[in-house]
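Enquirer: Before we start, here is the structure in question, set down as structure tokens.
The values are calculated or read from the model by the stated rules, or taken from the named source; none is laboratory data. Since we're looking at a predicted model, the values are computed, not measured. Glycine also receives a Cβ, built like all others from the backbone with ideal geometry; neighbour counts cover every protein chain displayed. Surface accessibility is based on the protein's heavy atoms, side chains included, excluding ligands, DNA and RNA. Shrake-Rupley method; radii C 1.70, N 1.55, O 1.52, S 1.80 Å.
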Amino acid sequence: MASAHIDAATRAELRQLWDRAFGDRFSDHDADHAYGGVHVLVRAGDRLVGHASAVPRRIRFGAQPWRTVAYVEAVATDPDRQGEGIGRRSMETLQAEIATRWPVAMLSTGRATAFYEALGWERWRGRSFTETSSGVVPDGEHGGLMVLRRELSVVPDLSVDVTCEDRPGDAW
Ligand SMILES: CC(C)(COP(=O)(O)OP(=O)(O)OC[C@H]1O[C@@H](n2cnc3c(N)ncnc32)[C@H](O)[C@@H]1OP(=O)(O)O)[C@@H](O)C(=O)NCCC(=O)NCCS
């Protein structure tokens, strides 16, 4: 479902889901980052129990020209329903949507690297940077950057520098 089709009531439900799943790790900026692309929503009865979205972002791999990739955001399963396969199914559906739109996807995760590896994602091995108004700055804290390549030739080397454009909140 496109972000434009998500109504205010569903947005409020989504924020509750994210706050439950991420706790105080989830900010208003993180919520904003989840919109502007395509969403997968999973309902159990009238309850929203799963979400994943992908938004277009400009990313530069090594010395390649800037390109638009899918950036996956706000993947969450209701804590009461975790471990039942909802997260995997949300991501499989989202990845099918991504495949029709973008040749490569990226995401940043703190704790769920193994969850994404099982879905075909690879860890980024190079350094990461952010292009800000005052220049390109290293992204110090990163270890959880991941990439999903439909064709390996799109991003042949995962050890080069990767740069994103700055945004409010976490750049990556
Ligand atoms: C990560 C998350 C979305 C997984 O959702 P889920 O519905 O519980 O996942 P599934 O039941 O589909 O699990 C799929 C597989 O991933 C594994 N897995 C689930 N969460 C994991 C995690 N945090 N780290 C590593 N592996 C994980 C499961 O064990 C399962 O493995 P199996 O297929 O071998 O049994 C969910 O735990 C969550 O909402 N966490 C809090 C928010 C968060 O961290 N989101 C991702 C940040 S980018």
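Enquirer: For segment 108-157, which residues satisfy the criterion of being within 15 Å of the ligand (Cβ to nearest atom), of a type in the set (Ser, Thr, Tyr) and in contact with a strand residue (DSSP E or B) (Cβ under 6 Å, 6 or more places away or on another chain)?
Expert: Ser108, Tyr116
Enquirer: From the list Gly144, Gly110, pick out the single residue that is under 17 Å from Trp18 (Cα atoms) and at pLDDT below 95.
Expert: Of the residues listed, the single one that is under 17 Å from Trp18 (Cα atoms) and at pLDDT below 95 is Gly110.
Enquirer: Considering only segment 88-107, state which residues are among the polar types (S, T, N, Q), over 19 Å from Leu14 (Cβ atoms) and either near the ligand (Cβ under 7 Å from one of its atoms) or part of a helix (DSSP H, G or I) (or both).
Expert: Of segment 88-107, the ones among the polar types (S, T, N, Q) are 90, 93, 95, 100.
When the remaining residues are screened for being over 19 Å from Leu14 (Cβ atoms), the result is 95, 100.
Within segment 88-107, Gln95 is the sole residue that qualifies.
Enquirer: Same structure, new question: Within segment 76-87, identify whether any single residue is away from the ligand (no atom under 15 Å from the Cβ) and part of a strand (DSSP E or B), and answer yes or no. Lay out the reasoning, then the answer.
Expert: Going residue by residue through segment 76-87, those that are away from the ligand (no atom under 15 Å from the Cβ) are none.
No; the residues of segment 76-87 include none that is away from the ligand (no atom under 15 Å from the Cβ) and part of a strand (DSSP E or B).
Enquirer: Let me ask something else about it. Check off (1) touching a Gly at 6+ places or on another chain (Cβ under 8 Å); (2) surrounded by 13 or more Cβ atoms within 10 Å (Cβ to Cβ) for Arg25 and give me the number that stays unchecked.
Expert: (2)
Enquirer: In segment 125-162, what residues are under 22 Å from Arg111 (Cα atoms), open to solvent by 20 Å² or more (accessible area, probe 1.4 Å) and outside any loop (DSSP other than H, G, I, E, B)?
Expert: Phe129, Pro138, Leu148, Arg149
Enquirer: Report, by residue number, each residue of segment 91-124 that is open to solvent by 30 Å² or more (accessible area, probe 1.4 Å) and touching a Phe, Trp or Tyr at 6+ places or on another chain (Cβ under 6 Å).
Expert: Ser108
Enquirer: Kindly check whether there is at least one residue in segment 53-69 that is within 30 Å of Pro138 (Cβ to Cβ), in a helix (DSSP H, G or I) and away from the ligand (no atom under 12 Å from the Cβ).
Expert: No, segment 53-69 has no match at all.
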